[in-house]
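The values are calculated or read from the model by the stated rules, or taken from the named source; none is laboratory data. Keep in mind the model is a prediction, meaning the values are calculated, not measured. Note that each Cβ is placed from the backbone with ideal geometry, even for glycine, and that neighbours are counted across all protein chains shown. With ligands, DNA and RNA removed, areas are computed over all heavy atoms of the protein, side chains included. Shrake-Rupley method; radii C 1.70, N 1.55, O 1.52, S 1.80 Å.
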There are 2 protein chains.
Amino acid sequence: MTKVSPRTLSGFMELLPEQQMKMERMMEILRQSYSVYGFTPLDTPIIESAEVLLAKGGGETEKQIYRFMKGDSDLALRFDLTVPLAKYVAGHYSELSFPFRRYQIGKVYRGERAQRGRFREFYQADIDIIGDGRLDIINEAEIPAIIYSTFTKLGMHKFRIKVNNRKLLNGFYAMNGMSERAGDIMRTVDKLDKVGAEKVRQLLIDEVKMLPCKAENVLDFMAICGTNDEVISALERYRGMDETFDLGLDELRTVTRYLADFGVPEDNFAVDLTIARGLDYYTGTVYETEMTEHPEIGSVCSGGRYDNLAGYYTDRQLPGVGISIGLTRLFYVLNEQGLLSGEQVTSPCDALVIPMTEDMSYAISAATALRSSGVRTQLYCEKKKFKAKMSYADKLKVPFVVLAGEDEIKEGVLSVKNMLTGEQVKLSPADAARHIASAVALKNSGAVIKE
Amino acid sequence: MTKVSPRTLSGFMELLPEQQMKMERMMEILRQSYSVYGFTPLDTPIIESAEVLLAKGGGETEKQIYRFMKGDSDLALRFDLTVPLAKYVAGHYSELSFPFRRYQIGKVYRGERAQRGRFREFYQADIDIIGDGRLDIINEAEIPAIIYSTFTKLGMHKFRIKVNNRKLLNGFYAMNGMSERAGDIMRTVDKLDKVGAEKVRQLLIDEVKMLPCKAENVLDFMAICGTNDEVISALERYRGMDETFDLGLDELRTVTRYLADFGVPEDNFAVDLTIARGLDYYTGTVYETEMTEHPEIGSVCSGGRYDNLAGYYTDRQLPGVGISIGLTRLFYVLNEQGLLSGEQVTSPCDALVIPMTEDMSYAISAATALRSSGVRTQLYCEKKKFKAKMSYADKLKVPFVVLAGEDEIKEGVLSVKNMLTGEQVKLSPADAARHIASAVALKNSGAVIKE
């Protein structure tokens with residue numbers, strides 16, 4: 001029989017068990033963290049009608065989309081979780097209560113050019129808060145708290161949530177008569193980190209065709225930094241020149257004002273006037289999250305405020321604010337950088353029960369008892385030599401092996417061997433369960449990410 | 001602007017938040033239950049190369065498959081989790097340890113004719129144990145324990161795990177010289193439940209062209225029932241006539257022998273010689289699970305033993321045993337039958353904090369404190385009348401509202417209102433968290449399924 005090569009498509013992440021366990025832990029922390037902030041889980045189809053999915057018009061994304069016919073139906077795979085959310089909220093409007101807070105962790109598809117670290121199938125982990133007609137600025141102030149809490153729960157501490165406000169930027173460009181070139185300017189300013197101020201000045205003059213004094217204004221503005229109070233004081237100097245700017249400044253004041261109450265240390269937060277988030281639909285606060293020792297990774301959590309989630313589906317004004325974590329890429333880079341902890345249990349079980357007699361009753365009952373106590377237990381069923389059984393446990397990095405032989409049966413106990421320390425103790429099944437559970441809980445109590 | 005209708009494709013389940021919460025609970029129980037039996041979570045791509053996915057040859061399934069070109073690539077969406085498992089095990093053979101035990105809960109795709117209760121995108125929740133060259137029969141004996149434990153954790157008690165053995169059937173057909181017609185006979189016998197013995201006898205004679213005495217033999221065999229001991233005694237009468245039969249009987253003996261040690265009550269278990277599981281690749285024990293008061297639903301968990309998981313990818317013999325729960329369909333029928341409990345919290349949050357003052361600091365700090373204690377908390381940020389805020393809490397079925405007004409600020413407390421009983425108490429933030437957490441834990445302690 002001719003064999004087909006069991007290959008996986010390039011750009012599709014498929015992890016080995018040990019890595020998958022780490023990924024599962026990250027997902028579980030995201031689920032918990034999002035839930036604790038009062039977001040409800042959603043699950044929408046991966047396939048949608050192409051007309052529905054592309055209602056907004058695609059631009060760059062449209063070229064990458066997986067689109068195909070099935071019978072007479074023109075179908076497409078979702079390329080983000082925002083369009084499905086817009087569809088969901090517009091479609092179920094009358095059945096939902098607003099503000100509507102949902103999280104979704106799901107796979108999305110983009111047929112990008114395959115290259116190392118780029119994925120065509122990847123998880124996004126999104127939260128959004130959608131208002132009906134209006135949505136208070138406090139929602140925008142809450143987002144940094146969610147980012148902070150999520151990343152610290154993952155074990156990350158060296159990160160900074162960078163915040164800006166699109167009204168501030170738009171107002172600033174308006175007061176300088178540069179509104180029409182705002183897009184070009186923002187794209188150029190975005191290069192500040194990479195090429196420096198001098199080069200950006202040249203680009204603004206040569207390519208965006210700005211007067212040198214105007215370019216200077218832009219650079220002065222973008223250079224504003226410091227503590228939140230310092231930044232806001234500096235921005236106050238521009239007040240009164242443009243209404244949109246003033247509104248943006250008020251919003252930024254509110255967002256920074258409640259940071260401490262939301263539990264976000266100022267160390268993990270910075271107003272950064274250079275970030276804009278390219279997408280046109282952001283209209284207020286925008287967010288990026290940088291790993292301070294790995295700025296080359298780019299933002300690991302981004303988003304912002306938008307005024308019109310679902311204009312292509314409904315006339316209702318549905319403003320919102322949301323953030324997204326590119327989970328597959330984050331996992332990939334953390335793994336590459338060696339930042340995933342190796343301390344936690346990654347084996348399929350916490351205890352491997354090894355029967356040492358022909359009759360398996362005792363060993364099976366032992367496994368049943370351990371399982372009833374919540375210990376993840378595998379019964380080793382194969383007829384192999386003892387050495388092969390122990391080597392299996394070693395290879396899987398099982399933390400505890402439980403031996404059930406004639407002595408144990410006679411005494412009504414189990415021999416519990418700690419595979420890391422080699423220590424072996426005889427315990428009743430109930431005590432064995434407690435012994436294993438507490439040791440495993442301790443091992444697992446650390447964080448997934450180890451900086 | 002012309003609006004696109006925000007519709008969801010037919011055959012694709014998209015739940016409202018309250019239902020989704022119930023689905024999430026079911027998934028979490030499956031994850032926990034599978035983990036406790038020592039299965040490791042896997043996640044494979046939804047898109048595979050069509051050549052890889054269809055290596056086995058499709059038959060019925062091939063027509064239903066979602067297959068399409070992307071650039072030069074001939075792609076397809078997975079239609080089950082077994083072929084991806086075969087690919088994974090064959091492809092990562094040298095990196096895995098055997099027996100390899102994995103669970104996977106994921107979406108699969110079949111373009112079936114749309115009809116009520118039929119899904120084109122649906123979750124399967126699978127476990128499989130794969131051996132390298134051989135796999136002990138004890139693994140087959142363990143499967144009923146996993147089914148029993150999973151369904152009881154979900155809250156289901158009125159179900160029966162029906163078990164048969166393909167070797168028994170094949171051996172029985174061989175000893176009667178009916179091997180060549182075994183497929184037709186099994187398909188006919190499968191109708192016993194629906195049309196009764198007399199009609200099946202006629203069909204065996206008229207359509208399968210059996211001699212009346214042979215048809216009688218088949219019906220006598222299929223009628224064997226009773227306790228495990230009774231069934232096995234009755235089967236012993238056939239011993240010595242066919243080697244395969246004898247082997248199957250030994251296997252069935254082993255599977256039933258350890259049931260009690262595995263914690264499976266005999267009430268939830270029955271040897272049923274009429275079940276065969278159509279698929280050709282099952283070679284030993286086969287399983288179906290019937291809800292005893294809802295037999296019309298059909299099997300809610302099925303599977304069996306196979307000898308050659310990945311023959312189309314590799315020459316290695318990879319026997320295994322596995323079961324699958326059609327989760328989306330199960331959820332759908334439980335919901336339709338009114339069997340999903342309404343007792344547990346389905347709101348996005350356990351506590352809705354309602355600020356009653358202009359300055360939000362106190363309310364925000366309160367929300368932060370509740371969240372730090374693990375209470376799922378939403379801060380109500382909108383500027384609405386008090387009545388509108390309470391009506392929002394009612395609509396979402398939030399169990400507790402937490403009021404933070406001037407009195408509470410002065411006293412350093414929170415007013416915690418139980419929305420079910422109407423009871424309202426003033427508590428410190430820490431006590432409020434404990435009060436809410438314990439009440440919510442109690443509400444959530446019941447099972448998802450309520451028979």
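Given the criterion within 13 Å of chain B (Cβ to nearest Cβ) and surrounded by fewer than 21 Cβ atoms within 10 Å (Cβ to Cβ), identify the matching residue among A:S341, A:S391. Residue meeting the stated conditions: A:S391. Residues satisfying the criterion are present in segment B:45-53 (criterion: open to solvent by 40 Å² or more (accessible area, probe 1.4 Å) and closer than 30 Å to A:L54 by Cα). Contact map, segment B:171-183: residues that are at negative phi paired with residues that are among the hydroxyl-bearing types (S, T, Y) and open to solvent by less than 10 Å² (accessible area, probe 1.4 Å), Cβ distance under 9 Å, separation 6+ or inter-chain. Pairs shown: B:S179/B:Y173; B:E180/B:Y173; B:R181/B:Y173; B:A182/B:Y173.
The set of residues in segment B:80-89 that are among the aliphatic types (A, V, I, L, M) and more than 11 Å from every other protein chain (Cβ to nearest Cβ) contains only B:L81. Only strands (runs of 3 or more DSSP E) whose full extent lies in segment A:319-428 are considered here, and the ones with at least 1 residues that are free of Cβ contacts under 8 Å to residues at least 40 places away in the same chain are A:377-379, A:414-418, A:424-427. Restricted to segment B:257-294, and to residues there that are open to solvent by 40 Å² or more (accessible area, probe 1.4 Å) and outside any loop (DSSP other than H, G, I, E, B), the residue that is farthest from B:V189 (Cα to Cα) is B:R257. Scanning segment B:83-104 for residues that are within 18 Å of A:R376 (Cα to Cα) and not aromatic (F, W, Y), which turns out farthest from the chain's Cα centre (by Cα)? Taking the candidates together, the pick is B:S97.
Only residues that are farther than 25 Å from B:I130 by Cα and open to solvent by less than 10 Å² (accessible area, probe 1.4 Å) were counted across segment B:319-332, and they come to 3. Kindly indicate whether B:V231 is under 29 Å from the mean Cα position of the chain (by Cα), touching a residue at least 12 places away in the same chain (Cβ under 8 Å), in a helix (DSSP H, G or I) and within 14 Å of chain A (Cβ to nearest Cβ). So B:V231 does not fit the description; no.
Return a yes/no flag: does segment A:91-102 have any residue that is in a helix (DSSP H, G or I), within 9 Å of chain B (Cβ to nearest Cβ) and small (G, A, S). The answer is yes, given that some residue of segment A:91-102 is in a helix (DSSP H, G or I), within 9 Å of chain B (Cβ to nearest Cβ) and small (G, A, S).
If the condition is being part of a loop (DSSP other than H, G, I, E, B), open to solvent by less than 30 Å² (accessible area, probe 1.4 Å) and not hydrophobic (A, V, I, L, M, F, W, C), then segment A:306-318 contributes A:G311, A:Y312, A:Y313, A:T314. Looking at the structure I just gave you, is A:R31 at pLDDT 95 or above, in contact with an Asp or Glu (Cβ under 9 Å, 6 or more places away or on another chain) and either closer than 30 Å to A:F262 by Cβ or hydrophobic (A, V, I, L, M, F, W, C) (or both)? In short, yes. Could you list all residues from segment B:112-145 that are facing another protein chain (nearest Cβ under 9 Å), in a loop (DSSP other than H, G, I, E, B), of a type outside the set (A, V, I, L, M) and touching a residue at least 60 places away in the same chain (Cβ under 8 Å)? Answer for segment B:112-145, where residues must be facing another protein chain (nearest Cβ under 9 Å), in a loop (DSSP other than H, G, I, E, B), of a type outside the set (A, V, I, L, M) and touching a residue at least 60 places away in the same chain (Cβ under 8 Å): B:R120, B:G131, B:R134. Taking segment A:364-379 as the range and being more than 7 Å from chain B (Cβ to nearest Cβ) and open to solvent by 30 Å² or more (accessible area, probe 1.4 Å) as the test, the residues that pass are A:A369, A:S372, A:S373. Restricting A:G240, A:G303 to residues that are modelled with pLDDT of 95 or more and either open to solvent by less than 10 Å² (accessible area, probe 1.4 Å) or among the hydrophobic types (A, V, I, L, M, F, W, C) (or both) narrows the list to A:G303.
State yes or no: is A:L420 surrounded by 14 or more Cβ atoms within 10 Å (Cβ to Cβ), under 36 Å from the mean Cα position of the chain (by Cα), hydrophobic (A, V, I, L, M, F, W, C) and under 29 Å from A:L15 (Cβ atoms)? Taking the combined requirement at face value, the residue does not satisfy it.
Looking at this structure, is B:E451 over 25 Å from A:S33 (Cα atoms), within 13 Å of chain A (Cβ to nearest Cβ) and open to solvent by 10 Å² or more (accessible area, probe 1.4 Å)? Criteria not met by B:E451.
Inside segment A:394-413, residues that are in contact with an Asp or Glu (Cβ under 7 Å, 6 or more places away or on another chain) and either among the hydrophobic types (A, V, I, L, M, F, W, C) or open to solvent by 50 Å² or more (accessible area, probe 1.4 Å) (or both) make up a count of 1. Within segment A:257-276, the residues that satisfy the criterion of being in contact with a strand residue (DSSP E or B) (Cβ under 9 Å, 6 or more places away or on another chain) and more than 14 Å from every other protein chain (Cβ to nearest Cβ) are A:D267, A:N268, A:F269, A:A270, A:V271, A:D272, A:L273, A:T274, A:I275, A:A276.
Do the conditions hold for B:L252, that is, is it in a helix (DSSP H, G or I), among the hydrophobic types (A, V, I, L, M, F, W, C) and open to solvent by 20 Å² or more (accessible area, probe 1.4 Å)? In short, no.
Here segment A:54-90 is the region considered, the condition is being buried (at least 19 other Cβ atoms within 10 Å of the Cβ) and out of contact with any helix residue (DSSP H, G or I) (no Cβ under 9 Å at 6 or more places or on another chain), and the residue that is nearest to B:R67 (Cα to Cα) is A:Y66.
So that you can scan it fast, the table gives a plain yes or no per residue for (1) modelled with pLDDT under 95; (2) more than 30 Å from A:K56 (Cα to Cα); (3) under 27 Å from the mean Cα position of the chain (by Cα):
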| site | (1), (2), (3) |
| --- | --- |
| A:E198 | yes, yes, no |
| A:E236 | no, yes, no |
| A:N268 | no, yes, yes |
| A:Y282 | yes, no, yes |
| A:V286 | no, no, yes |
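Within this structure, B:F386 passes the test of being open to solvent by 60 Å² or more (accessible area, probe 1.4 Å) and among the aromatic types (F, W, Y).
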